[in-house]
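Colleague: Have a look at the structure that comes next, please.
The values are calculated or read from the model by the stated rules, or taken from the named source; none is laboratory data. On a predicted model such as this, the values are computed, not experimentally measured, just so you know. Note: ideal-geometry Cβ built from the backbone for every residue, glycine included; neighbour counts use all protein chains shown. We work out accessible area using only protein heavy atoms, side chains counted, and drop any ligands, DNA or RNA first. Shrake-Rupley method; radii C 1.70, N 1.55, O 1.52, S 1.80 Å.
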Amino acid sequence: MTSTAAGDAPRMPDSPTPDSPTPDSSNRGSSTPGSSTPGSSTPGSSTRERSSLDISKVLIESRAFLALALIIVIFSLLSPNFLTVNNLLIMSSHVAIFALLSLGQLLVVLTGGIDLSVGSILGFTAVIGGFLLRGVPLSMFGVTLYPSVPAAVLIAIVLGGALGLLNGVLVAKFKVAPFVATLGMLYVVRGFALLMTNGRTINDLSGEEGLGNTGFEWLGFNRILGIPAGVLIMAVIALVIAVVLGRTTFGRWLYATGGNERAAQLSGVPVRTVTVWVYVISGLCSAVAGIILASTLTSASPTAGNTYELTAIAGVVIGGAALSGGRGTVRGTLLGAFVIGFLSDGLVLIGVSAYWQTVFVGAVIVVAVLLNTLQYGRPGGSKRRARRKPGTDTGASPESPSAQNSSPQRSPSDPPLAEPSSTEPPRRGSPPTD
């Protein structure tokens, strides 16, 4: 017979002490070697799943390179002339036009915008260059001015940058939607080109030696070390843009603006200035492409570059850039432009109808957008997930009665709650290395 001290209660034999673990807690993290619980995965299955995810991620991220390699292999088998050096150089000169437009479009897309006027600016600057080379009549003085080739090219390029500046001001300063602003500019610029030429093509831009305006065809036909001049110009511009995006403060600002515009603005990024400059650069790239195209054809048509804005967007999307902004590289954009150019020229080389060419190019664009969706998710999906409060994963919204009942009641005398800070860093603000 035992006795208990005053104030101590008798302890039951089977009751666990406060410091001893319960049977459930002791067995919760342990398991026998051959047992498995529902929902658990063995190390071998998790390794296989991880490897399969890594392979699929690599395939999606390198889709532009794989598509280009597949196009080269297929058309090399279908046509013996496709993989010749001469044909590759000719196709590369065609790709240079698309690549220049896509590089300018890439900068706009990185900020979350879009530029639909690149094709019209291309045609308009080509007409301006041809108009200047054919002579500018001054009726009041009874003379006709014949600018030199460098002067005509410089004036056309500066005019392209001015049109891009107008786009940027409309978008950044007046808050016009990029789609609407550039769509209106598309029609305005194309209309001016048609008015200047009455809808006719300006032919014979070779110039006359006595007037000092010869040599315009040099950009389209001349080769340096066997490489077309247009391809070299494209390579230089691509290298400059890659350095700007990866090595300069402006490049970091650009990615930050596209990743999270509000956070970038609160962090001190001049969002308006960045937005204006990307449209200016896009206009300059379009003007350079227009001059090279007019030099290659030795003619300037007011309808040149029609639907090229869609080709530029396709090159950017195929290259892996996100249309929501903040993601994209120069390397991927160049690969996307080569995919579009080699596919179009390859279909022509094997004798496929122009109507089927449109079908194939459209199918490639749709697949590229689908792969972008798989890689980045739907635009705004992450933002919606970020707004969801902890504890509402069961589907109840913050406005539901259950959520309202679970929140603590506050009296009028309580101090107001502090506003949540919105100075979080941009989610997609780190520029990749090209």
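Colleague: Is it the case, given these coordinates, that residue 307 is touching a Phe, Trp or Tyr at 6+ places or on another chain (Cβ under 9 Å) and open to solvent by 40 Å² or more (accessible area, probe 1.4 Å)?
Modeller: Against the criterion (touching a Phe, Trp or Tyr at 6+ places or on another chain (Cβ under 9 Å) and open to solvent by 40 Å² or more (accessible area, probe 1.4 Å)), residue 307 does not qualify.
Colleague: Here's another thing I want to ask about it. Quick check on segment 244-271: of everything there that is in contact with a helix residue (DSSP H, G or I) (Cβ under 8 Å, 6 or more places away or on another chain) and among the aliphatic types (A, V, I, L, M), which residue is most open to solvent (accessible area, probe 1.4 Å)?
Modeller: Selected residue: 244.
Colleague: Residue 297 versus (1) under 24 Å from residue 130 (Cβ atoms); (2) modelled with pLDDT under 95; (3) open to solvent by less than 20 Å² (accessible area, probe 1.4 Å): which is the lone unmet condition?
Modeller: Failing condition for residue 297: (3).
Colleague: Inspect all residues belonging to segment 272-287 and state whether any of them is under 9 Å from the mean Cα position of the chain (by Cα), among the basic types (Lys, Arg) and either open to solvent by 40 Å² or more (accessible area, probe 1.4 Å) or over 20 Å from residue 246 (Cα atoms) (or both).
Modeller: No, that holds for no residue.
Colleague: Counting only residues that are within 27 Å of residue 334 (Cα to Cα) and touching a helix residue (DSSP H, G or I) at 6+ places or on another chain (Cβ under 7 Å), how many does segment 90-144 have?
Modeller: 38
Colleague: For segment 319-335, state whether one or more residues are in a helix (DSSP H, G or I) and basic (Lys, Arg).
Modeller: yes
Colleague: Are there any helices (runs of 4 or more DSSP H) wholly within segment 84-186 with 2 or more residues that are at pLDDT 95 or above and open to solvent by 30 Å² or more (accessible area, probe 1.4 Å), and if so which?
Modeller: Correct list: 149-172.
Colleague: Go through segment 63-83 and count every residue that is in contact (Cβ under 8 Å) with a residue 40 or more places away in the chain, over 15 Å from residue 338 (Cβ atoms) and either among the polar types (S, T, N, Q) or not in a helix (DSSP H, G or I) (or both).
Modeller: Number satisfying all stated conditions: 2.
Colleague: Have a look at 226, 220, 215, 210 and point out the one that is within 20 Å of residue 125 (Cα to Cα) and open to solvent by 30 Å² or more (accessible area, probe 1.4 Å).
Modeller: Only one candidate passes the filter, namely 215.
Colleague: Restricting attention to segment 336-353, report how many residues are part of a helix (DSSP H, G or I) and open to solvent by less than 60 Å² (accessible area, probe 1.4 Å).
Modeller: Going through segment 336-353 one residue at a time, the tally reaches 12.
Colleague: Return the pairs, sorted by first residue and then second, in which the second residue is aliphatic (A, V, I, L, M) and not in a helix (DSSP H, G or I), the first residue lies in segment 356-372 and is open to solvent by less than 50 Å² (accessible area, probe 1.4 Å), the beta carbons are less than 9 Å apart, and the residues are 6+ apart or on different chains.
Modeller: Qualifying pairs under 9 Å: 372/321; 372/322; 372/323.
Colleague: Still on this structure, please answer the following. Identify the single condition in (1) over 17 Å from residue 101 (Cβ atoms); (2) modelled with pLDDT under 95 that residue 249 does not satisfy, given that it satisfies every other one.
Modeller: Evaluating residue 249 over (1) over 17 Å from residue 101 (Cβ atoms); (2) modelled with pLDDT under 95 leaves (2) as the failure.
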